[in-house]
Amino acid sequence: MDAVTLRYGRDFDLAYSDIGAERYLRTGELLTDGDLDDMRRSDAVLFGAIGDPRVAPGILEKGILLRMRTSMDQYVNLRPVRSWHPYVPLKRETDFDIRFLRENTEDFYMGAGGRFGGSRGGMSSLSVDRSLYSLRMELRAEGCEDEFAYEIGLLSRKGVERFADFAFRYAASRGEEGITLVDKANVIEMYGMQREVFAEKSEEYGMRLNFMYADAMAMAMVSRPETFGTVAVPNLFGDVLTDLGAQLQGGLGLGASGNICPGGVSMFEPIHGSAPDIAGKGIANPIGAVLALSMLLENLGFAEEAEAVGSAVRACLSEGSVTPDLGGTLSTAAAGKRMGELVLTRR
Ligand code: IPM
Ligand code: MG
């Protein structure tokens with residue numbers, strides 16, 4: 001960011017927010033209303049990585065990251081999967097550039113789960129609040145002594161429609177003729193509605209629509225990744241398939257993503273977590289975070305700056321100025337410095 005500021009004479013106004021495990025352990029705060037106000041006043045948010053072994057699983061993830069995505073209505077999570085040769089682990093050399101669009105506010109990520117029955121009593125009630133609707137549901141176990149655990153996956157027609165609109169427009173803007181939609185419509189009822197809406201939109205936009213089951217998609221990503229362009233995927237399958245995608249492109253350290261709220265404030269982050277096993281060693285790969293910055297700049301309309309950052313990453317990857325996870329010897333700071341130099345000296 002400093003290199004971009006210097007090289008292009010931009011006067012970016014940066015504000016830092018102390019959000020994460022450290023503050024949570026100190027003050028008990030996760031994502032506060034004040035944090036959200038700060039973000040809403042910004043043009044975009046660049047987020048680090050989250051997760052800390054001192055905090056029970058789910059607290060930071062739901063209380064910070066998922067709350068950010070849903071409160072800011074960042075309903076599309078854009079996760080490119082590109083072939084960063086020579087780091088691609090496939091035997092057959094092939095070039096690919098898959099654009100995963102992961103739906104980011106619905107499906108099994110509603111936080112609509114719980115346990116009931118047995119000693120917990122026979123009823124569970126839950127409420128879901130989204131920008132598009134709010135719902136209250138009750139589940140009752142009658143005459144049954146057993147205990148149950150459940151998680152409700154939910155899709156709203158409006159939610160699917162806005163996601164489909166984004167996907168077709170995105171593919172069209174990239175000159176593609178159609179998109180792929182991933183689901184498990186052969187088993188899970190709600191994806192039937194998703195297919196219906198996407199099929200209507202495909203007619204409306206005059207673009208092709210190709211269906212893939214999530215399990216077959218996992219296979220096809222390994223056997224023929226070059227055949228995919230824009231891929232729309234519901235939230236949970238998107239989580240899984242994009243980790244596979246990250247590894248395909250050369251490693252989790254290379255994955256970047258944008259949580260997009262069209263017309264609102266978007267948030268950009270690497271797709272990896274905080275890698276607590278290597279904390280403090282200075283060997284974390286900075287590329288995922290740097291590519292997230294490139295996506296942020298592109299999203300705000302700074303095309304040249306975004307390209308400068310992207311090409312600095314490409315140059316580091318091809319000259320081997322990389323961290324040990326990619327077989328290099330550079331520290332996180334040294335790899336970051338090299339990318340900065342490349343931005344600064346760009347003609
Ligand atoms: C991701 C992460 C998150 C998710 C976790 C940390 C909640 O795995 O961004 O892919 O499941 O979305
Ligand atoms: Mg994930």
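Brief remarks follow.
- Segment Arg208-Ser311, extension gain: residue separation times 0.36 nm, minus the distance between their alpha carbons: 33.9 nm
- Top of Tyr170, Tyr191, Tyr16 by mean-square fluctuation, Gaussian network on the chain, Cα under 10 Å: Tyr16
- Shape of the stretch 111-152, Cα gyration tensor, a/c cut at 1.5: prolate
- Under 14 Å, Cβ to Cβ, from Val343 - net charge with Lys/Arg +1 and Asp/Glu -1: +2
- Whichever aspartates and glutamates have a C-alpha closer than 12 Å to that of Lys337, once near sequence neighbours (fewer than 8 apart) are set aside: Asp2
- Cα gyration tensor, the stretch 202-271 - rounded (a/c under 1.5), prolate or oblate: oblate
- Each of Val309, Val222, Val4, Val265 was scored by other Cβ atoms within 10 Å of its Cβ. Arranged with the fewest first, they read Val222, Val265, Val4, Val309.
- Average silhouette area of the stretch 1-106, convex hull of alpha-carbon atoms, in square nanometres: 10.1
- With contacts taken as Cα pairs under 8 Å at a separation of at least 6 residues, the stretch 192-347 carries a relative contact order of 15 percent.
- Kirkwood-based Rg to Rh ratio, the chain, C-alpha trace: 0.98
- Based on Cα contacts under 8 Å between residues 6+ apart, the chain shows a relative contact order of 22 percent.
- Over the stretch 111-152, relative contact order from alpha-carbon pairs under 8 Å, at least 6 apart, %: 51
- Expected 222 nm ellipticity per residue - DSSP helices of 4 or more, -39500 (n - 2.57), all of the chain, to 500: -11500 deg cm²/dmol
- Taking Ala220, Ala312, Ala15 as the candidate residues, the one with maximal mean-square fluctuation in a Gaussian network model of the chain, Cα springs under 10 Å, is Ala15.
- Normalised by 2.2 N^0.38 Å, where N is the number of residues, the alpha-carbon radius of gyration of the stretch 224-347 equals 1.10.
- Toward the positive end of the charge dipole of the chain, with +1 on the Cβ of Lys and Arg and -1 on the Cβ of Asp and Glu, the farthest Cα among Ala56, Asn285, Leu36 is that of Asn285.
- Selection of GluC sites (Glu not before Pro), the stretch 148-203, meeting DSSP coil and at most 13 other Cβ within 10 Å: Glu177, Glu189
- The angle separating the long axis of helix 332-344 from the principal Cα axis of greatest extent in the chain is about 60 degrees.
- Of Asn285, Asn186, Asn235, the one that fluctuates the most in a GNM where the chain has Cα springs shorter than 10 Å: Asn186
- Between helix 287-299 and the chain: long-axis angle, C-alpha atoms, 0 to 90°, nearest 10: 80
- Local net charge near Phe12, Cβ-Cβ under 14 Å (Lys/Arg +1, Asp/Glu -1): -3
- Options Leu135, Ile152, Gly121, ranked by Cα towards positive dipole end of the stretch 111-152, top entry (Cβ charges): Leu135
- Residue order, fewest to most beta carbons within 10 Å, for Leu25, Leu46: Leu25, Leu46
- Partner lysines for Lys184 [C-alpha distance under 28 Å; skip if fewer than 8 residues away on the same chain]: Lys62, Lys158, Lys201
- With Cα atoms, 0 to 90° folded angle of helix 235-249 axis to the chain main axis: 30
No lab work stands behind these numbers, since they all come straight from the coordinates. Everything numeric here is computed off the predicted structure, so don't read it as measured data. Here Cβ is always computed from backbone atoms with ideal geometry, including for glycine, and neighbour counts include all displayed protein chains.
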